[in-house]
Amino acid sequence: MRGKFITLEGIDGAGKSTHLAWLAEYLKSRSIALCVTREPGGTPLGEKLRALLLDKDQPMHLETETLLMFAARREHIEKVIAPALARGEWVLCDRFTDATFAYQGAGRGVANEKLGVLERWVQGSLQPDLTIIFDLPPAVGRARAGSIKSPDRFERENEAFFERVREGYLQRAKAAPQRIRLIDASRGIAEVQADLTVVATELWR
Ligand SMILES: Nc1ncnc2c1ncn2[C@@H]1O[C@H](COP(=O)(O)OP(=O)(O)OP(=O)(O)O)[C@@H](O)[C@H]1O
Ligand SMILES: [Mg+2]
């Protein structure tokens, strides 16, 4: 049986990595074979593209950034995500296309129509079975992430940028309520995990 495809989303410092690790353990304890991966990246070529995309000394046009994101995604789907799902593994991915709509779309201003074309081109009919967006005010995310010694190309952005990104995520959630679950991540870790457990049980239906 084909595995489930689960993506975790949210602005920087929202708790994606923290909760991904917890969810991975939770699913493993239920004997589910897992493929844990991330975007941009997840393949050797994708990780090289990630390094370019995050490099603070590598300026690029906003559409170049968008195209590199989707190029890395094309490779990721082909080499990692689709084969794992076909083997029956569940794929847990730290960020996916909703992040492109939020960061490059809402954050930087690339038109949704263009992103939609690329989404269809690169993904065909592939969509996550479940996407969890950890929602919180950017100031809280920033405080949690602490002082980053050398912030990357995205971490250097100001609070207004992250407000737009957050709004972009909220719009995605509104447009796809069947697929996307919003979790209030401004609360403590235990409360967020309690919600996560409820959301995860939907996957057995
Ligand atoms: N609900 C929470 N309450 C308090 N602290 C939290 C909570 N969730 C995560 N944290 C802490 O906040 C910090 C950032 O969390 P994490 O690295 O999981 O975020 P992230 O969404 O993966 O960020 P990034 O986008 O930068 O990778 C970590 O130190 C983590 O322990
Ligand atoms: Mg993280």
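Points worth noting:
- Loop trypsin sites (Lys or Arg not before Pro), the range 18-107, which have at most 16 other Cβ atoms in a 10 Å radius of their Cβ (DSSP): 30, 56, 87
- Relative contact order (%) - the range 91-205, alpha-carbon pairs under 8 angstrom, separation at least six: 37 percent
- The range 5-204: relative contact order as a whole-number percent, Cα under 8 Å and 6+ apart: 32 percent
- Residue order, fewest to most surrounding Cβ atoms within 10 angstrom, among 119, 167: 167, 119
- When 184, 195 are sorted by how many other C-beta atoms sit within 10 angstrom of their C-beta, beginning with the fewest, the order is 184, 195.
- The count of lysine pairs in the range 5-204 whose Cα atoms are under 30 Å apart, excluding pairs fewer than 8 places apart on the same chain, comes to 18.
- Value at 222 nm in deg cm²/dmol, rounded to 500, when DSSP H runs of n ≥ 4 in the chain each add -39,500 (n - 2.57): -14500 deg cm²/dmol
- Centre-to-centre, using Cα atoms only, the range 157-194 and the range 104-151 are separated by 10 Å.
Computed from the coordinates by the stated procedures, all read-outs in this text should not be read as laboratory data. These figures come from a predicted structure and were not determined experimentally. Note that each Cβ is placed from the backbone with ideal geometry, even for glycine, and that neighbours are counted across all protein chains shown.
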